[in-house]
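Student: Following this message is one structure expressed as structure tokens.
Where a number appears in this text, it was derived from the coordinates with a stated rule and is not lab data. The structure presented is a predicted model; accordingly, all values stated were derived computationally and were not measured. Because the Cβ atoms are built from the backbone with ideal geometry, glycine has one as well, and the counts that use them run over all protein chains shown.
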Amino acid sequence: MKQIALIAVLAATAVSLPIVMGENPYITGIMISVLMMAALSSAWNILGGYAGQFSFGHAAYFGAGAYTTLILLTLYNLNPLLCMAIGIVVACIIALITGSIVFRLRGHYFGLASIAVAEIVRLSVLNFEFTGGAQGILLSDVSLWGIDLNSKNPFYYGMLLVLAVTLGITAYLRKSKTGYYLQAIREDQDAAASLGINLSFYKNKALIISAALTSVLGSLYALYIRFIDTSAVLDLRLSIEIILTAIIGGVGTLWGPVVGALLLVPLAEMLRSNVLGDLLVKAGLVSETSAIGIFLKGNLAHAHVLVYGIITVLCILYLPKGILGLFRRVK
């Protein structure tokens, strides 16, 4: 009962946040990024956390949704929801092809194979003419049922809805037969196979669900920024950030990806905008004219990936179950 009440409070807070904060594009943009990364990491968590298959190629499904949506909109001016649905189909087809190949491998071989598949998709998109190649695709204008898509609020609620659906699917799966089978595969694939669990079927099932949810987020992101290229939606760095968010928050848990996104996305924004450096100067810990101050001002904005790596190493060494695991241990 307490958990239901807490979820209701969190949901009410999330829904009312844009209204309370007012029309602030900067803050709303950060909140959209938090929701998107939380949803992406939660979608990956179905495959990587519960099935134990650490895929480094989820950018391929994100890019499939983004590119399919913008290509169909620019060429045929279809309804955005129909474009998103077609993007899901494209992502699932890629997932089926990927699963039939890479799920024959295990461990780090599987991870390397998933990177290779994502790179094949990226290079293919980069060299096709109808995808815009290296120039990318620019969307001039789009409307949906009279909703002003020039505002950030529709995308905030769209990302929030996808996150809620992803968490709902995850909560259902982990208590279902499929969820128990996936967790058995994660713990010991040979033992799971000896009990009659169809490894290929259930791993592909988890991959397709994860890819479909990731594709929807890619479509929303493409509509949100109105311009995409391979570096924006098909980059390996995106796949790594998705994984790090789940690991730092708590991989294989329902709320771990959300906790990781709430920590990492604002931290990355503070680094990019050099807020941390300014705080150190204002607190008197560092002089702005000193060598350290000049170094921080010039380099801290590009250090968010380095900080991600340091936090990840610390989590692996001291918090193997992530921040959520620490909360549970303290409780």
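Student: What list of ³J(HN,Hα) couplings, whole Hz, do you get for segment 197-210 from phi and the Karplus terms 6.51, -1.76, 1.60, once you set θ to phi - 60° and write x for glycine and proline?
Tutor: Values per residue, Gly and Pro as x: 7, 7, 4, 4, 5, 6, 5, 5, 4, 5, 5, 5, 4, 5 Hz.
Student: Sort 233-239, 283-289, 56-62 for me by packing, meaning the mean count of neighbouring Cβ atoms within 10 Å per residue, highest on top.
Tutor: Final packing ranking: 56-62, 233-239, 283-289.
Student: Compute a Gaussian network model of the chain, connecting alpha carbons closer than 10 Å, and tell me which residue from LEU40, LEU280, LEU163 fluctuates the most.
Tutor: Judging by the Gaussian network model, the answer is LEU280.
Student: Could you identify which residue out of ASN153, ASN45, ASN274 has the top mean-square fluctuation in a GNM of the chain using Cα springs shorter than 10 Å?
Tutor: Ranking ASN153, ASN45, ASN274 by mean-square fluctuation puts ASN274 first.
Student: Sticking with this one: Any chance you could list P(r) for the chain, counting all Cα-Cα pairs in 10 angstrom bins from zero, rounded to whole %?
Tutor: Final binned percentages: 6, 24, 33, 25, 11, 2, 0.
Student: Straight-line reach from LYS321: which aspartates and glutamates have Cα under 20 Å away, leaving out those fewer than 8 places along the same chain?
Tutor: Counting by Cα, and skipping residues close in sequence, LYS321 has these aspartates and glutamates nearby: GLU187, ASP188, GLU241.
Student: Of ALA95, THR312, LEU73, whose Cα points farthest to the positive end of the dipole of the chain (charges on the beta-carbon: +1 Lys, Arg; -1 Asp, Glu; origin at the Cα centre)?
Tutor: THR312
Student: Something else: For a quick check, take a GNM of the chain with Cα springs below 10 Å and name the residue from THR166, THR178, THR245 with the largest mean-square fluctuation.
Tutor: Per the Cα network of the chain with a 10 Å cutoff, THR178 tops the list.
Student: Let me ask something additional. Out of every Cα pair in segment 236-331, what percent are spaced more than 17 Å from each other?
Tutor: 55 percent
Student: Fewest to most neighbouring Cβ within 10 Å: what's the order for ILE185, ILE169, ILE248, ILE93?
Tutor: Going from least to most buried by this count: ILE93, ILE169, ILE185, ILE248.
Student: State, as an integer percentage, the relative contact order of the chain based on alpha-carbon contacts under 8 Å between residues 6 or more apart.
Tutor: Computed over the chain, the figure is 29 percent.
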